[in-house]
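S.K.: Just dropping this structure here.
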Amino acid sequence: LGRLELLTAEEASRAREESSLPKQVRAVVDVLARKGSYASQTLQTFIETTNSQLYLHITVYEPMVQKHLESLQSYCGNGLETGALQRLTNLLLVEGLTDIQQQEHDILQIETTKGLPNTSKSIPLEKLFLPLSKVSIPPRVSVTVGVAGMGKSTLVKLFVYTWAKGEINGDVMFVLPLTFRELNAYEKLSAERLICSAFPHITEPSCILAGAARTLLILDGLDEFKTPLDFSNALVCTDPKKEIQVDNLITNIIRGNLLQEASVWVTSRPTAARQIPAGLVDRMTEIRGFGAAEIKDFLDQMFLDDRDLSSQVLQHIRANRSLRVLCTVPGLCWISGSSIAYYLKTSVGQPQETTVVPRTLSEIYSYYFKMALGSDWPEKPRETLRIEQAVSNSKKIVGSLGRLAFYGLLRKKHVFYEQDMKAYSIDLSLLQSSLCTRLLLKEEMQTFTAYYFSHLTIQEFLAALYYYTAAKRALFDLFTESGMSWPKLGFLNHFKSAVQRSLQAEDRQLDIFVRFLSGLLSPQVNKLLSGWLLVKDEHNGFRSQATTFLQGCLNTNYAISLRTVNTMHCLYEIQHMEIAKAVEEAMKNKSLAGMLTPVNCSALAYLLQASDVCMEETNLSNCLTYNVCKSLLSQLLFCHNLRLDNNQFKDNVMELLGSVLSVKDCQIQKLR
């Protein structure tokens, strides 16, 4: 049919009278004849080509497409409530990843940017794979990034569901959604077997491999892939029937050596997306988080039957800047909302001194786990147990899953399979318990079962619980799974080892784990979990020494980095906030001059993110020297409204500030 536009007006007239043409083709020719813009082409070639293409389309493609659409209905479940997913219908158009996105943990990315990406450009979902202008071409490789829990997989399902209904991208004949979880099951694959094994109803993959049918290949969750992509050393393969290592197959597809005519859409957490060279990405988009109104709507949906509870939860979140920022991520908003609601329900009628108001990350997750361990889960428990039996079972399950979570975290592994369960001596029957199903999600594939924690932070909290418990009796370094290491005795030595490893790690993936580990030493968390997962008051023997060690990590003359800020977060989790409170009070009174020692500078960098004092305006007037300004420089990037007047700055400071304003991560909107 594509050749019809190449006909001359005379040939079009003859074609209309040609009896061998099917009526569908004649109808199209009539339309094109009225347009009157045709180039010369042999009519006989046209007739033979269009007849053969039409025959293929009617007898082969259409039944395959129909079966494919039916299979995608099951992929999307019973469809999606698109009204609740309005946020996903517009993506942010970004020019590559920022340094923060490439290097920092997801939670630190949100806290640093305050949940607000520095961009105003957006692109509707229906135009995601279309040219941006009349003179540009459609993107071949598109990458969409979002932190854990932002809704990447939901976005893919929404797109597939909307496409299957015929509402968007009607020119695409096949949309092939695949997850990296599925690809983890294979060692070697060819492009042909990839399509046939994932979509057995596509009986003629040649139409996709040869580019005869326009295809969109979706690869969801690059961060869950078991093998890092190595574009520098991957073997080149152009044969769609040749079986190669799965990671090589993916690199060859993205490079365009295989499935050259297909569009490719990859979704990923930002830190994993950096594996794909920027030169191969034609379009990069980012999923935006919740705004204030969307957090309210989300909580109203969570607590449909109790609007008063929804209002109280929202009030609690709005009163805490850190929680407010975390709740811009739907997955974290659900965990935080559930925990706060549980606290509000269980604290009714209780004396104020016996209840713990959840403010820190560790307290939020302690309430979440307490809710999961008890009988207050939103869904009805499958079994009713005596309290002693429930405690015993919960310790056993958390111990087993915690070890899996901890060593998975060290290996950057977030998806597990039955062989992993056996390797960690986890009884598969144990995974059917109510507690397990609340923490570990299960996905049945065609030939295997995949398990993954309901959110990355759930894995990190479980890992911290395991490490905390194991460190009290461990004789060797827990970070060495084989147990072959120099002896390491005592909880504090293991605690110091964990903090030092997080400070030295290049990928920053232990930052939140260390926050949780610190939080388990807090009196409030001990009060919440004692009797279930912790021993009452045992934190008293470790807390003061752990606090002293963390404070020692702040006493540096080097530039203040996000590692330093994370150490301040650890002190917040452990409930030691004297330094930060003193600096915050000085900021309010405008008396910071002369008190910005290295430790206080660390506290100030933390407050720039976490304090309401800095929300509207960050006032650092009359208190900065050249050295202090230099050490804080990397953190001043993220202040929207910055006052630096009356600091007697000279040219060397102005040069520093000038360099900051040109950095990609810079969020300064107003500078005085």
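The values are calculated or read from the model by the stated rules, or taken from the named source; none is laboratory data. Predicted model only: the values in this text are computed from it and were never measured. When we count neighbours, we look across all protein chains shown, and the Cβ atoms used for this are built from the backbone with ideal geometry, even at glycine. With ligands, DNA and RNA removed, areas are computed over all heavy atoms of the protein, side chains included. Shrake-Rupley method; radii C 1.70, N 1.55, O 1.52, S 1.80 Å.
S.K.: For the range 404-463, name all the residues that are under 22 Å from Met150 (Cα atoms), at pLDDT 90 or above and among the polar types (S, T, N, Q).
M.R.: Of everything in the range 404-463, those that are under 22 Å from Met150 (Cα atoms), at pLDDT 90 or above and among the polar types (S, T, N, Q) turn out to be Ser454, Thr457, Gln459.
S.K.: Now for a separate question. If I filter the range 353-368 for residues that are open to solvent by 10 Å² or more (accessible area, probe 1.4 Å), within 19 Å of Cys570 (Cα to Cα) and within 20 Å of the chain's Cα centre (by Cα), do I get at least one hit?
M.R.: Checking the range 353-368: at least one residue is open to solvent by 10 Å² or more (accessible area, probe 1.4 Å), within 19 Å of Cys570 (Cα to Cα) and within 20 Å of the chain's Cα centre (by Cα).
S.K.: For the range 249-295: of the residues being part of a helix (DSSP H, G or I) and small (Gly, Ala, Ser), which is farthest from Val147 (Cα to Cα)?
M.R.: Among residues in the range 249-295 that are part of a helix (DSSP H, G or I) and small (Gly, Ala, Ser), the one farthest from Val147 (Cα to Cα) is Gly279.
S.K.: Considering only the range 453-467, I want to know if a residue exists there that is within 23 Å of Pro177 (Cα to Cα), part of a loop (DSSP other than H, G, I, E, B), open to solvent by 10 Å² or more (accessible area, probe 1.4 Å) and not small (Gly, Ala, Ser).
M.R.: Scanning the range 453-467, I find at least one residue that is within 23 Å of Pro177 (Cα to Cα), part of a loop (DSSP other than H, G, I, E, B), open to solvent by 10 Å² or more (accessible area, probe 1.4 Å) and not small (Gly, Ala, Ser), so the answer is yes.
S.K.: Next up: Quick check on the range 196-203. Is at least one of its residues out of contact with any strand residue (DSSP E or B) (no Cβ under 8 Å at 6 or more places or on another chain), outside the structural domain of Thr447 (by the TED database) and either buried (at least 19 other Cβ atoms within 10 Å of the Cβ) or charged (D, E, K, R) (or both)?
M.R.: The initial filter retains those residues of the range 196-203 that are out of contact with any strand residue (DSSP E or B) (no Cβ under 8 Å at 6 or more places or on another chain), namely 196, 200-201, 203.
Filter again for outside the structural domain of Thr447 (by the TED database), leaving 196, 200-201, 203.
So of that shortlist, the ones also either buried (at least 19 other Cβ atoms within 10 Å of the Cβ) or charged (D, E, K, R) (or both) come out as none.
No, there is no match, as no residue in the range 196-203 is out of contact with any strand residue (DSSP E or B) (no Cβ under 8 Å at 6 or more places or on another chain), outside the structural domain of Thr447 (by the TED database) and either buried (at least 19 other Cβ atoms within 10 Å of the Cβ) or charged (D, E, K, R) (or both).
S.K.: While we're looking at this one, here's another question. Looking at (1) aliphatic (A, V, I, L, M); (2) at pLDDT 90 or above; (3) over 28 Å from the mean Cα position of the chain (by Cα), which one does Ala319 not meet, given that it meets all the others?
M.R.: Ala319 satisfies every listed condition except (3).
S.K.: Going by what's in this entry, would Gln500 be described as more than 22 Å from Gln109 (Cβ to Cβ) and outside any helix (DSSP H, G or I)?
M.R.: For Gln500, the condition - more than 22 Å from Gln109 (Cβ to Cβ) and outside any helix (DSSP H, G or I) - is not met.
S.K.: Look at Ser602 and say whether it is in contact with a strand residue (DSSP E or B) (Cβ under 7 Å, 6 or more places away or on another chain), at pLDDT 90 or above and not aliphatic (A, V, I, L, M).
M.R.: no
S.K.: Filter the range 620-631 for residues that are assigned to a loop (DSSP other than H, G, I, E, B) and hydrophobic (A, V, I, L, M, F, W, C); which is surrounded by the fewest Cβ atoms within 10 Å (Cβ to Cβ)?
M.R.: Cys623
S.K.: Taking Arg193, is it over 30 Å from Leu409 (Cα atoms), open to solvent by 50 Å² or more (accessible area, probe 1.4 Å) and modelled with pLDDT under 95? Walk me through it before giving the result.
M.R.: Details: over 30 Å from Leu409 (Cα atoms): yes; open to solvent by 50 Å² or more (accessible area, probe 1.4 Å): yes; modelled with pLDDT under 95: no.
No, not satisfied.
S.K.: Within the range 240-273, work out how many residues are surrounded by fewer than 16 Cβ atoms within 10 Å (Cβ to Cβ) and either farther than 13 Å from Leu194 by Cβ or not assigned by the TED database to the domain that holds Asp223 (or both).
M.R.: Of the residues in that region, 3 qualify.
S.K.: Out of the residues in the range 598-619 meeting the condition of being assigned to a loop (DSSP other than H, G, I, E, B) and touching a helix residue (DSSP H, G or I) at 6+ places or on another chain (Cβ under 8 Å), tell me which one is most open to solvent (accessible area, probe 1.4 Å).
M.R.: Filtering the range 598-619 for residues that are assigned to a loop (DSSP other than H, G, I, E, B) and touching a helix residue (DSSP H, G or I) at 6+ places or on another chain (Cβ under 8 Å), the one most open to solvent (accessible area, probe 1.4 Å) comes out as Met615.
S.K.: So is Ala212 outside the structural domain of Thr447 (by the TED database) and at pLDDT below 95 or not?
M.R.: Against the criterion (outside the structural domain of Thr447 (by the TED database) and at pLDDT below 95), Ala212 qualifies.
S.K.: If we keep just the residues of the range 313-338 that are surrounded by 22 or more Cβ atoms within 10 Å (Cβ to Cβ) and hydroxyl-bearing (Ser, Thr, Tyr), which is nearest to Glu363 (Cα to Cα)?
M.R.: Ser336
S.K.: Considering only the range 206-237, state which residues are open to solvent by less than 30 Å² (accessible area, probe 1.4 Å) and free of Cβ contacts under 8 Å to residues at least 24 places away in the same chain.
M.R.: Ala234, Cys237
S.K.: Only residues that are assigned to a loop (DSSP other than H, G, I, E, B) and closer than 20 Å to Met568 by Cα: list them for the range 518-545, please. Don't jump to the end; show me each part of the working.
M.R.: Going residue by residue through the range 518-545, those that are assigned to a loop (DSSP other than H, G, I, E, B) are 520-522, 531-533, 535-537, 542.
Residues satisfying the conditions are Leu520, Leu521, Ser522, Phe542.
S.K.: Within the range 468-486, can one find any residue that is at pLDDT 90 or above, over 24 Å from His539 (Cα atoms) and surrounded by 14 or more Cβ atoms within 10 Å (Cβ to Cβ)?
M.R.: No, the range 468-486 contains no residue that is at pLDDT 90 or above, over 24 Å from His539 (Cα atoms) and surrounded by 14 or more Cβ atoms within 10 Å (Cβ to Cβ).
S.K.: Sticking with this one: Restrict the check to the range 140-158 and report whether at least one residue is part of a strand (DSSP E or B) and over 22 Å from the mean Cα position of the chain (by Cα). Write out each step before concluding.
M.R.: Initial filter on the range 140-158 (part of a strand (DSSP E or B)): 141-145.
From what is left, the residues that are over 22 Å from the mean Cα position of the chain (by Cα) are none.
Looking for residues that are part of a strand (DSSP E or B) and over 22 Å from the mean Cα position of the chain (by Cα), one finds none in the range 140-158, hence no.
S.K.: Given the conditions (1) surrounded by 19 or more Cβ atoms within 10 Å (Cβ to Cβ); (2) without any contact (Cβ under 8 Å) to a residue 12 or more places away in the chain, report the number of the one that Gly552 does not fulfil.
M.R.: Of everything listed in (1) surrounded by 19 or more Cβ atoms within 10 Å (Cβ to Cβ); (2) without any contact (Cβ under 8 Å) to a residue 12 or more places away in the chain, Gly552 misses just condition (1).
S.K.: Also: Please verify whether Ser522 is in contact with an Asp or Glu (Cβ under 7 Å, 6 or more places away or on another chain), hydroxyl-bearing (Ser, Thr, Tyr), closer than 29 Å to Thr480 by Cα and surrounded by fewer than 18 Cβ atoms within 10 Å (Cβ to Cβ), treating the condition exactly as stated. Outline the logic, then answer.
M.R.: Working: in contact with an Asp or Glu (Cβ under 7 Å, 6 or more places away or on another chain): yes; hydroxyl-bearing (Ser, Thr, Tyr): yes; closer than 29 Å to Thr480 by Cα: yes; surrounded by fewer than 18 Cβ atoms within 10 Å (Cβ to Cβ): no.
Judged against the criteria, Ser522 is not a match.
S.K.: Conditions first: (1) touching a residue at least 12 places away in the same chain (Cβ under 8 Å); (2) over 27 Å from Gly146 (Cβ atoms); (3) assigned to a loop (DSSP other than H, G, I, E, B). Lys370 passes all but one, so which condition is the exception?
M.R.: Status for Lys370: all satisfied but (3).
S.K.: Something else: Specify the residue that is surrounded by the most Cβ atoms within 10 Å (Cβ to Cβ); the eligible residues are those in the range 573-597 that are within 26 Å of Asp665 (Cβ to Cβ) and in contact with a Ser or Thr (Cβ under 6 Å, 6 or more places away or on another chain).
M.R.: Across the range 573-597, the extreme among qualifying residues is Glu573.
S.K.: Of the conditions (1) part of a helix (DSSP H, G or I); (2) open to solvent by 40 Å² or more (accessible area, probe 1.4 Å); (3) among the hydrophobic types (A, V, I, L, M, F, W, C), Phe495 clears all except one; give me its number.
M.R.: (2)
S.K.: How many residues does the range 632-651 contain that are over 19 Å from Val613 (Cα atoms), over 30 Å from the mean Cα position of the chain (by Cα) and open to solvent by 20 Å² or more (accessible area, probe 1.4 Å)?
M.R.: Total meeting the criteria: 5.
S.K.: Scanning for something assigned to a helix (DSSP H, G or I), polar (S, T, N, Q), within 30 Å of Tyr606 (Cβ to Cβ) and not assigned by the TED database to the domain that holds Ile512, does the range 112-127 turn up at least one residue?
M.R.: Yes - at least one qualifying residue is present in the range 112-127.
S.K.: Okay, moving on. Of all residues in the range 411-433, how many are in a helix (DSSP H, G or I), surrounded by fewer than 18 Cβ atoms within 10 Å (Cβ to Cβ) and not charged (D, E, K, R)?
M.R.: Count: 6.
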